[in-house]
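This report refers to the structure that appears directly beneath it.
The values are calculated or read from the model by the stated rules, or taken from the named source; none is laboratory data. Everything numeric here is computed off the predicted structure, so don't read it as measured data. Here the Cβ positions follow ideal geometry from the backbone for every residue, glycine too, while neighbour counts run over all protein chains shown.
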Amino acid sequence: MVALDLPYTSLEGRSVRLEPYGGSHLQGLSVALGRPEVFAGGWGGGRAASCAGDAFADWLLTYLPLGSAHVYVVMDAHRAVIGTTTILDLNPDAETAHIGYTAYSPEVWGTTVNPACKLLLLTHLFDHGFGRVKLQADVLNARSRGGIEKLGAQFEGIARRDAQRADGSWRDAAVYSIIADDWPKVQAGLKARCDGYGRYAHTMDDGVLDELVSLRRSIDNIDAALIHLLAERFKSTQAVGRLKAVTQMPPSDPERERVQIERLRALATDAQLDPAFAEKWFNFIVAEVIHHHEQIATTGTIATDIA
């Protein structure tokens, strides 16, 4: 099988957008990446290549493989430039590609930006029939190697004397790959990390991650239902508050509250829920309801009324 021609087009994710490089991006890239700490790990040839401002802009145009690869600019949700990454060495006949030249602004290191970008790039490649994607880093760049390993990429070995650093020394490259057989698990792990389902998702056994994601989606749905139920409950209690205000009834009703606590504690016991927790929850809700009723009695409305 031969992979399809890979479109060089914008890729949109939940928190990042990858745009094909254009001249309008250069200033943003200079601000985001023209900093010593970005070069310190080995990107761009290492510390000796570090530069900023106009010098960085001039250097970047010679460093990135513009015109021969899919060079992307990484944008955050506010369309601010936060980095760059590239798909290169495209070989549709062999179904192989390489993701490299990746660097991000230090402000987004350790966030979901890298997994979100890799999810977009890898999905783009595997959806177009590519079967093997290479990733690599300087053997001395522990942070980059850790990031690649966290993706779920498999370590293949060391390519010795792979490229010359800016200081004239030669680097060895740690080479990793993700193949089509790996992709379902890697994809699930990336989605889990992007959705906040755990930074160690890639280390889980087959099936465990899928179950975790499914369970947490159910929990999310329950939380959403609870919010809507509470909203409806407060609509009703606010209506009671207005009725009490018209009839000059007191905001609180201690006897009803006592009966409700007994009832809820019994329901909690039957449902195998801690009755003390049920009482604590009810008291919290009642305190808010009484506060609403007092506001209605005083002003005729409450601060949380929404037009």
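Some observations on this one:
- Scanning region 79-89 for residues that are within 27 Å of the chain's Cα centre (by Cα) and either outside any loop (DSSP other than H, G, I, E, B) or under 20 Å from VAL38 (Cβ atoms) (or both) turns up ALA80, VAL81, ILE82, GLY83, THR84, THR85, THR86, ILE87, LEU88.
- Selection count, region 95-140, where residues are in a loop (DSSP other than H, G, I, E, B), polar (S, T, N, Q) and surrounded by 20 or more Cβ atoms within 10 Å (Cβ to Cβ): 1
- Any chance LEU66 is of a type outside the set (Gly, Ala, Ser), in contact (Cβ under 8 Å) with a residue 24 or more places away in the chain and crowded, with 18+ Cβ neighbours inside 10 Å: no
The rows are residues; the columns are (1) farther than 30 Å from CYS194 by Cβ; (2) among the hydrophobic types (A, V, I, L, M, F, W, C); (3) touching a residue at least 40 places away in the same chain (Cβ under 8 Å); (4) not assigned by TED's automatic domain parsing to the domain that holds ASP195.
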{"position": "ARG217", "(1), (2), (3), (4)": "no, no, no, yes"}
{"position": "ASP220", "(1), (2), (3), (4)": "no, no, no, yes"}
{"position": "LEU229", "(1), (2), (3), (4)": "no, yes, no, yes"}
{"position": "GLU232", "(1), (2), (3), (4)": "yes, no, no, yes"}
{"position": "PRO251", "(1), (2), (3), (4)": "yes, no, yes, yes"}
{"position": "GLN260", "(1), (2), (3), (4)": "yes, no, no, yes"}
{"position": "GLN272", "(1), (2), (3), (4)": "yes, no, no, yes"}
{"position": "VAL289", "(1), (2), (3), (4)": "yes, yes, yes, yes"}
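- Matching option when the condition is hydroxyl-bearing (Ser, Thr, Tyr) and surrounded by 13 or more Cβ atoms within 10 Å (Cβ to Cβ), among SER24, SER30: SER30
- Residues of region 167-217 that are modelled with pLDDT of 95 or more, small (Gly, Ala, Ser) and within 21 Å of ALA142 (Cβ to Cβ): SER169, ALA173, ALA174, SER177.
- Residue list for region 236-276, restricted to those being closer than 16 Å to GLU288 by Cα, more than 46 Å from the chain's Cα centre (by Cα) and part of a loop (DSSP other than H, G, I, E, B): PRO250, ASP253
- Filter result for ARG143 (surrounded by fewer than 17 Cβ atoms within 10 Å (Cβ to Cβ), free of Cβ contacts under 8 Å to residues at least 12 places away in the same chain and either in contact with a helix residue (DSSP H, G or I) (Cβ under 9 Å, 6 or more places away or on another chain) or of a type outside the set (Val, Ile, Thr) (or both)): no
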